[in-house]
Structures are given as structure tokens and as C-alpha cells.
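Nothing in this text is a laboratory measurement; each read-out follows from the coordinates by a stated rule. Worth saying up front: this structure is predicted, and the values here are computed from it rather than measured. FYI the Cβ positions are ideal-geometry reconstructions off the backbone, even for glycines, and counts take in every protein chain you see.
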Amino acid sequence: MNRTKKILAVILSALMLFGVMSLVVSAQEKDNTLRFGDDGKFTILQFADIQDGYPLMTITKKLLQDTLAKVQPDLVVLTGDNISGGSTNTKVITRAAINEFMSIFEKAGVPTAAVFGNHDDESEFADKDFQMSVYESYDCFVGYNEGDSIPGVGTYNIPVVSSDGTRIAFNIWMTDSGTYNTENDLGGYACTTKEQIAWYVEKSNELKALNGGNPVPSINFQHIIVPEIFDALAECEAGTPESISRGDKYLTLPEGVEGHLHESPCPPNYNNGQFAAFKQQGDVFATVSGHDHVNNFVVPYEGIDIVNTPGVGFSSYNDETVGSRVFVIDENDPENYETYVEGYFDVYGDDEAALYRYQAYSRTTDDLTKFVAWFKMIFATIKAMF
């Protein structure tokens, strides 16, 4: 009898332990479903070109934190050159560099997706496969690697369901636009491959089938801008403010387009037909890039907006346009989205300490101004405390 009781006690204990462990596992499982809010809105905060190592510069880290707190997005999107691979030449340092910003999003509990740029994997020891495994270790990360079926690492899509959960109301394409061109002898940056484009068309058709035969409205995020940007810009006279030269032509932002063209866009020197595929499928209404740190525009071209977002990092080159971009999507009319740049000075307004902090860290500041700004920043910070 005692032996029977002991056996039953052991079995009962085992069942209780199994139940507790089941609850723990359930609690740890991530629900990566993105959904429109009760107000029918979905807000994306894009950070481009953090492009730093370990430790992350204080001013960049604070800007990420303060922008996140102000915008309160439903999703953070990192569009490549998230780290500077050349300065993170071991797996340990690479992991620490990624943690500098991912820990911010993890602590805030904000879903985060990322693609890679041309500088992320310049370390010979920490390639994009390793980096993706680091990103995937964070609970907030909703990205993934599609695997060996397509070139690159981290080309995937993220559906966003309607506020009532009954349909896919919006879709986000995340595209690994590659690093440097090894496909031909034209040099320059890499181009989205034909295999990736074929994958996109197949997935787009799958989403269309789920949506009653209608394209699911989508935004594409990638690091390197599409080659069609040069067709989308307007010809102008030499010497026009904020213009670039392109062969024997001069180009600027089209009339009515707000923003800045502070450097020539740097797309690939060849074209595998990604933009044409977007047009054919009829789902992508905006393709969004970083890469060109001091450009900031939304240029409509053949029914699709070509969008560039300024860099948010201070370790690489920047200017007064430094900041991030916000997208506000309406589930009932996604194509008529709202977007704006949340620049450094938009975040901080007339905060004296922030002004002097910018002067102290900015690469466009002369040495004397930098030196004086450090003391002014310290004084303004102390003054604000009292």
C-alpha cells in the first residue's frame, strides 16, 4: 500500500511538473502576429544606417531611445548598415554591437525587423548568417531568414492583419539588397537578384490568392535604392540648389517634392527588374531605402513612391538631416499613407543640451565649435537638472 502511494505521488509530481513546464514554454513562445490598432492605424519607425560598432556612440543611442519614446511605433524597421562590420571583427564584438541597439527595442517590447546593408558583414568572422542568428535571439525580433532557396540572408515578408483579425490588410517586404557587385563587370553595389525577384512574385501571388485575387497593399524595405531613382528625378540647370550631375545631365527633386538631395543616389549600376516586378504585381506602393545618409525624399514614379531615409548614426557621415522616418498606415486605405522624417531637431526641439550635443558629435562641426560645445553641453545639462 505504501509502495502504491509512493508510485502515485511520483506520478502526480511528474504531472504537476509537466503542467508547470508547459505553462512556462507557452509563456515563452513569441506571438509574431502584427495587427492594426483599434483605431485602424499601424505605425512603422524606420532607422537607417546606424553604422557603428561597440560601444554605440552615446548621441546615437540616446537618439534611438528618445525617438522611440516619442513615436511609440508598432514596428521598428532597420534598413541595413546596422553595424559597421569592419570595426566588429569578432563574433563577440559583433554580438555586443548589435545588442547596443536591439536591447533598446527589446526593453521597450517593440517588434523589430531588419535587413542588411553593404557594411554589415565586412568582418571575415561574423557573416550575415551569424548576425541573423543574433537578431533572432531577441524576443522582439520578427524577422527571419528564408534559407538557401534564395540568395542573400534575410529576404522575407511580414503580413499585418486587420484590427479585427479577419484578413491580411497590409504586407511588408524585407529585401536583402546585397553588398557589392560580383554579378558582372560593371562594378558598384549589388542588385537584388533574379532569384529574389522570382521569390517575391511567387509570394505576392500567394498573398493575392488569400486576398480574393486582389494584391495586398505593401511597402518594400531594403538598403540600396532602386536604379529607377535616376529616371524619377527631374532634369534641371547646372548650379540648381540640391542638384546632382548624372552624365551630361543635372537632376534634382521634382517640383512639389519636399526633402533633400544632398548627395547623388548610389543604386546598382545594373538592373535585374525588381521595380518592374513591383509594377507588374501591383502590390508595392512604396520602396524604401537608406544607404545614402544625407538624402531624404519621397519621389513618386510610375505609381510607386521611391523613398530615401537619412541615416540616424553619428559614427559615419551625416548632416543636419540626421534622423529617422515614420510611416502611418490606415488599414482601410494603405496606399494613402502618411510619412515624415523625425529629425534630430524634431525630437529635441529647443533643448539646449541636445543642440550642444549635436555640435559636439557632428562631423560637420569645425574643431573649435566642437571643443566649446562640449563645455556648453555639460553646463546646459547641469542647468536642466536644477
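Points to keep in mind about this one:
- Dipole of the range 29-349 computed with +1 at Lys/Arg Cβ and -1 at Asp/Glu Cβ about the Cα centre; of 240, 130, 334, farthest Cα towards the positive end is 130.
- Segment residue 32-residue 202, extension gain: residue separation times 0.36 nm, minus the distance between their alpha carbons: 59.0 nm
- Intensity falloff of the chain expressed as log10 I(q)/I(0), Debye formula with alpha-carbon point scatterers, at q = 0.12 Å⁻¹: -0.95
- Residue order for 174, 57, 385, fewest other beta carbons within 10 angstrom first, comes to 385, 57, 174.
- Exposure proxy for 278, 116, 375: other Cβ atoms within 10 Å of each Cβ, ordered fewest to most, give 375, 278, 116.
- Efficiency of FRET from Cβ geometry, residue 180 and residue 320, R₀ 22 Å, rounded to 0.05: 0.15
- Efficiency of FRET from Cβ geometry, residue 89 and residue 246, R₀ 30 Å, rounded to 0.05: 0.25
- Placing +1 on the Cβ of every Lys and Arg and -1 on the Cβ of every Asp and Glu, with nothing else charged, gives the chain a dipole about its Cα centre of roughly 1960 debye.
- Computed FRET value (nearest 0.05) for residue 148 with residue 332, which takes r as the C-beta separation and R₀ as 35 Å: 0.35
- Membrane-span-like helices in the chain, defined here as complete DSSP H runs extending at least 18 Å along the helix axis by their C-alpha atoms with mean Kyte-Doolittle hydropathy no lower than 0.0, are 2-28, 58-71, 91-108, 367-385; this is a sequence and geometry rule, not a statement about a membrane.
- Remark on the range 193-328: hydrodynamic radius 16.0 angstrom, per the Kirkwood mean of 1/r across alpha carbon pairs.
- Annotation note: trypsin sites (Lys or Arg not before Pro) in the range 273-368 located in DSSP loop regions with a Cβ neighbour count of at most 16 within 10 Å are 363.
- When 175, 364, 166, 321 are sorted by how many other C-beta atoms sit within 10 angstrom of their C-beta, beginning with the fewest, the order is 166, 364, 321, 175.
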